[in-house]
Amino acid sequence: MGDKFAETVVVKFEPESEQTEVETEDPERVLEGVIVEMKNRLAEAREKVNASIGVEKQFQDAYENAVSQAEQWQERAVISLEAGREDLAREDLEKRNEYRRLADQYKNQWEDQKQIVRNLNDLLEHFQQKMMEAEGEKATVVAKHRNVDAEVHLREMLKEIQNSKALETLVQMDQDATEAATLAKAAAEMDVPYQDMKLEREFSSYAEEALIDKDIAELKTKLQK
């Protein structure tokens, strides 16, 4: 009973493993494998069709050869009659008839083989068309698969960014930069009155010195008198 249970476990486990491998396999690689297999089958089909065409050519050659032989025995029969050898002429005509019957057989086989080749060529052309359609479908499926992968990847990245502190950091940096710019502007605005006051004080100092110089000059003039 233990052996039966082990066998049951193996039977159930192996298909699940194979199914998992198929599901995780790259679709592009799978489709490429299918296309390669179809191309191999197409090459084999071409070889078989070429072989059938070769058989058709053999029947054609055999038919034409039999017809030629029949014509030659016909000519020999005429020559025999002209020579007064009716007995030989009869033998020649018997040979002619044998080749005519043989020619009829080859002709029938040739016609049958030609029809077979036509059918095979039609099937081959149909197979080629299906392979071209499969290649076109492969390109479409691969493009869709890549588009889906790209969309999923971008959505995951966007989700990760939204869930991370990256956006918070960017917002904080923007706020800090805005505050720094505001402070710099305020400092510049405060510096203008300060500069004006400094200039005004310097001007007052110069005016006061000028008055003092004037007073000293007046005092010197009075003293000289």
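The values are calculated or read from the model by the stated rules, or taken from the named source; none is laboratory data. Note that the coordinates shown come from a computational prediction; the quantities given were computed from them, not determined experimentally. When we count neighbours, we look across all protein chains shown, and the Cβ atoms used for this are built from the backbone with ideal geometry, even at glycine.
Residues are listed down the side, and each one gets a yes or a no for (1) of a type in the set (D, E, K, R); (2) surrounded by 17 or more Cβ atoms within 10 Å (Cβ to Cβ); (3) in the same structural domain as V36 (by TED's automatic domain parsing):
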site: A51; (1), (2), (3): no, no, yes
site: G54; (1), (2), (3): no, no, yes
site: K57; (1), (2), (3): yes, no, yes
site: D61; (1), (2), (3): yes, no, yes
site: I79; (1), (2), (3): no, no, yes
site: A89; (1), (2), (3): no, yes, yes
site: D112; (1), (2), (3): yes, no, yes
site: V117; (1), (2), (3): no, yes, yes
site: L123; (1), (2), (3): no, no, yes
Output the number of the condition that E200 fails; it satisfies all remaining conditions of (1) modelled with pLDDT of 75 or more; (2) not assigned by TED's automatic domain parsing to the domain that holds K57. (1)
Can you find a residue in the stretch 160-179 that is at pLDDT 70 or above, within 44 Å of the chain's Cα centre (by Cα) and closer than 30 Å to D26 by Cα? yes
Qualifying residues in the stretch 142-160 (those that are out of contact with any helix residue (DSSP H, G or I) (no Cβ under 6 Å at 6 or more places or on another chain) and of a type in the set (A, V, I, L, M)) - the one nearest to I35 (Cα to Cα): A143
Return the pairs, sorted by first residue and then second, in which the second residue is among the acidic types (D, E) and surrounded by fewer than 10 Cβ atoms within 10 Å (Cβ to Cβ), the first residue lies in the stretch 133-157 and is assigned to a helix (DSSP H, G or I), the beta carbons are less than 7 Å apart, and the residues are 6+ apart or on different chains. none
Select from the stretch 56-96 the residues that are among the polar types (S, T, N, Q) and at pLDDT 95 or above and list them in ascending order. Q58, Q60, N65, S68, Q69, Q72
